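Have a look at this one before I ask anything.
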Amino acid sequence: MEPNILRMPDAPPDPELLARVTQHLEGGGLVAMPTETVYGFGSALQEEPLLRLARMKARSTEKPFLVLVPGVNSVRDLHWPPKALALAEVFWPGALTLVLRDEEGLFPPGVRSPGGSVAIRQSPHPLARAVVEALGAPVVSTSANPPGKPPALSAQEAWETARGLGAGEELWVLDAGTLDPSDPSTIVDCTGEEPVVLRTGSIPVNRIRCVLPDLPEPH
C-alpha cells in the first residue's frame, strides 16, 4: 500500500480532518506536512514511529531529529537560559531552531542527542502549528527528502519521496499547497555559557544580534 494524501488547504484546518490527523499520530502513524521552510516527515514522540523515521532517513541516533513544539510553555522542563527565552519571545513562531539542554532526560533517543540536548522550534506555518497544538505535544520533524537530495516543496514531491523511501499507508501526506523556496531555519545552540549560531538560515545573524548584541560570528 502507498502513502495516503489528505488535502488540507484551509487555514485554519478543518477540525474534523485535524482530529483525524492527531488520532493518526497518537496511534503511531507518520505524516509529511508543510512547515515554514519545506515539507517534513513527522511523528509523535513514540519509539516505533521514531525508529521508522530513522530507517527512512538512514539516520543514526548520533544525528537526532528536531521537534516542533506548541510553544515555550509546553517544554518548560528543558533548561531555558534567559537569552534562549529572549530569542523565543522575539522570533517564535518562526524559522529559528533553539538547541537546549534536556537535563531531565524527557526526550527519547533519536530526538535527544548523546550529549543531552534537544533542538526545538515553534513553526509559524498554519497547518504545522495547528497539528502540533491539536496534539498538545511535540512532533518530530525532518525534511522530506532522501539523504543528500533537495527537500520536498509540495505534497506530490513529499509523497514521491515517502514512497521511494519505502513508506506505505502508515504515512499520511498533508497537502496544504506548494511552498516557495526558502532557506532552512537558523539554528542557535543555547546549551553553553553563551549562545552560538550553528547554522545561518532564514533569520539572518544581524537580526538575532538585535536581541543578543554580543553574539559571536558563526563558526
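The values are calculated or read from the model by the stated rules, or taken from the named source; none is laboratory data. These numbers were taken from a predicted model, which means no experiment stands behind them. Positions of Cβ are backbone-derived with ideal geometry, glycine not excepted, and every protein chain shown enters the neighbour counts. Heavy atoms of the whole protein, side chains included, go into the accessibility calculation; ligands, DNA and RNA do not. Shrake-Rupley method; radii C 1.70, N 1.55, O 1.52, S 1.80 Å.
Can you tell me, using C-alpha contacts under 8 Å and at least 6 residues apart, the relative contact order of the stretch 1-143 as a whole percent? Write down the numbers at each step before the final one.
Numbers: 236 pairs, mean separation 49.4, N = 143.
The value is 35 percent.
Residue-wise, which Karplus ³J(HN,Hα) couplings in Hz belong to the stretch 173-186, taking 6.51 cos²θ - 1.76 cosθ + 1.60, θ = phi - 60°, and x for glycine or proline?
8, 8, 8, 10, x, 8, 8, 6, x, 8, 5, x, 5, 7
Could you give me the percent of Cα pairs per 5 Å distance bin for the chain, shortest bin first, beginning at zero and ending with the bin that holds the maximum distance?
Pair shares across the bins are 1, 7, 16, 20, 21, 17, 11, 5, 2, 0, 0.
Oh, and also: In a Gaussian network model over the chain where Cα atoms closer than 10 Å are linked, find which of ILE203, ILE187, ILE120 has the largest mean-square fluctuation.
ILE203
Report in % the part of the accessible area of the chain that belongs to carbon and sulfur, leaving out ligands and nucleic acids; probe 1.4 Å. The partial results should precede the final answer.
Working: 5130 of 10280 Å².
On the chain, the fraction of accessible area on carbon and sulfur atoms equals 50 percent.
Determine, from the Cβ-Cβ distance of CYS210 and GLU47 and an R0 of 41 Å, the FRET efficiency 1/(1 + (r/R0)^6), rounded to the nearest 0.05.
After rounding to 0.05, the efficiency reads 0.50.
Another question, if that's okay. Rounded to the nearest Å, what's the spacing between the alpha carbon centres of the stretch 59-95 and the stretch 107-180? Just the number, please.
For the stretch 59-95 versus the stretch 107-180, the Cα centre distance is 16 Å.
I've got another one for you. What list of ³J(HN,Hα) couplings, whole Hz, do you get for the stretch 77-87 from phi and the Karplus terms 6.51, -1.76, 1.60, once you set θ to phi - 60° and write x for glycine and proline?
6, 6, 7, 10, x, x, 6, 5, 4, 5, 5
Right, another one. How much space per residue, in cubic angstrom, does the convex hull of the C-alpha atoms of the stretch 122-219 take up?
Details: hull volume 14.6 nm³, N = 98.
Value for the stretch 122-219: 149 Å³ per residue.
Let me ask something else. State the dimensionless ratio Rg/Rh of the stretch 1-101 (Rg: radius of gyration of Cα atoms; Rh: Kirkwood radius). Mind dumping the intermediate values first?
Values: Rg = 15.5 Å, Rh = 15.8 Å.
Value, to two decimals: 0.98.
Which far-off residues, 5 or more places away or on another chain, put their amide H under 5 Å from the one on LEU198, with H placed in the peptide plane?
For LEU198, the qualifying residues are ILE187, VAL188, ASP189.
List every residue whose amide H lies under 5 Å from the amide H of LEU66, counting only residues 5 or more places away in sequence or on a different chain, with H placed 1.01 Å from N in the peptide plane.
Here the answer is SER141, since their amide H atoms fall under 5 Å of that of LEU66.
What are the ³J(HN,Hα) values, in whole Hz, obtained from phi via the Karplus relation 6.51 cos²θ - 1.76 cosθ + 1.60 with θ = phi - 60°, for each residue of the stretch 194-208 in sequence order, with x given for Gly and Pro?
10, x, 9, 7, 8, 8, 8, x, 4, 9, x, 4, 5, 6, 5
Of the residues ALA11, ALA88, ALA54, which exhibits the maximal mean-square fluctuation in a Gaussian network model of the chain defined by a 10 Å Cα contact cut-off?
Its mean-square fluctuation being the largest, the pick is ALA11.
Hey, another quick one. At 1.4 Å probe size, with every protein chain present, just tell me what the per residue accessible area of the stretch 69-117 comes to in Å². List each step's numbers first, then the result.
Values: 2170 Å² over 49 residues.
Normalised by residue count, the accessible surface of the stretch 69-117 is 44 Å².
Something else: For the ranges 154-161, 38-45, 99-106, what's the packing order if you count other beta-carbon atoms within 10 Å of each residue, average per peptide, and put the highest first? Walk me through the numbers on the way to the answer.
On the way: 154-161: 21.1, 38-45: 25.4, 99-106: 15.8.
Result, highest mean Cβ count within 10 Å first: 38-45, 154-161, 99-106.
If the stretch 48-97 were replaced by its equivalent ellipsoid, with semi-axes equal to the square roots of 5 times the Cα gyration tensor eigenvalues, what would those be, largest first, whole Å? The partial results should precede the final answer.
Working: eigenvalues 145, 26, 22 Å².
Working through the eigenvalues yields semi-axes of 27, 11, 11 Å.
Work out Dmax and Rg for the stretch 98-175 from the C-alpha atoms and quote the Rg first, both in angstrom.
Considering the stretch 98-175 through its Cα atoms, Rg and Dmax are 14.5, 40 Å.
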